[in-house]
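One structure is given here, and the rest of the page talks about it.
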Amino acid sequence: MASNRTDVDEAHSEQGLGSRAPEFVRARRLLHLSWQVGVFIIGLAVVGLGIVMLPLPGPGWVVIFGGMAIWATEFVWAQLVLRWTKRKVTEAAQRALDPKVRRRNIILTTIGLVIVAVLGGIYLWKFGLAMPWEIKNQ
């Protein structure tokens, strides 16, 4: 059973996966478990803060990925999620540089802005600068 654990540890360290806790922490099971609980709680707090920032002004996704990076210092699943995310973001960035995709995105953005401007103009023409909650039934 111990050799199986060693094989898994060796496979993870070859791929750069696994705990990045100091050796003296990993050598003591209870200390390592406490370390992992602490890392999990700190990562959870950061991810929670990022989730709160999503609808509010602030870099919500950046903070969420920061929390995932904290988790990735200890947990293989978080390391794998970050690798997958990094790969997908790189692929999306490469696709966005394609001239056809850029042209399509510019056209869609322009159409969206024109629609918003027309709707805003209709609202201003009909109601003026009144806020929607201040408009009386007409």
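The values are calculated or read from the model by the stated rules, or taken from the named source; none is laboratory data. The shown structure was predicted, so the numbers you read here are calculated from the model rather than taken from an experiment. We place every Cβ from the backbone using ideal geometry, glycine too, and count neighbours over all the protein chains shown. For the accessible areas, the whole protein counts, side chains as well, though only heavy atoms, and no ligand, DNA or RNA atoms are used. Shrake-Rupley method; radii C 1.70, N 1.55, O 1.52, S 1.80 Å.
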In the range 19-38, what residues are surrounded by 11 or more Cβ atoms within 10 Å (Cβ to Cβ) and in a loop (DSSP other than H, G, I, E, B)?
SER19, ARG20, ALA21, PRO22, ARG28
Just the residues that are open to solvent by less than 90 Å² (accessible area, probe 1.4 Å) and under 28 Å from the mean Cα position of the chain (by Cα), please, taken from the range 112-122.
GLY112
Which residue, of THR90, THR110, THR73, is polar (S, T, N, Q), closer than 30 Å to ALA21 by Cβ and modelled with pLDDT of 90 or more?
THR90
Within the range 70-94, can you find the residues that are touching a residue at least 24 places away in the same chain (Cβ under 8 Å), in contact with a Gly (Cβ under 9 Å, 6 or more places away or on another chain) and assigned to a helix (DSSP H, G or I)?
ILE70, TRP71, VAL76, ALA78, GLN79
Could you say whether any residue in the range 115-137 is closer than 18 Å to GLY43 by Cα and among the hydrophobic types (A, V, I, L, M, F, W, C)?
no
Filter the range 85-111 down to residues that are of a type in the set (S, T, N, Q) and either within 30 Å of GLY67 (Cα to Cα) or in contact with a strand residue (DSSP E or B) (Cβ under 8 Å, 6 or more places away or on another chain) (or both), then give me how many there are.
3
Output the number of the condition that TRP61 fails; it satisfies all remaining conditions of (1) open to solvent by less than 40 Å² (accessible area, probe 1.4 Å); (2) assigned to a helix (DSSP H, G or I); (3) under 29 Å from VAL37 (Cα atoms); (4) modelled with pLDDT under 90.
(1)
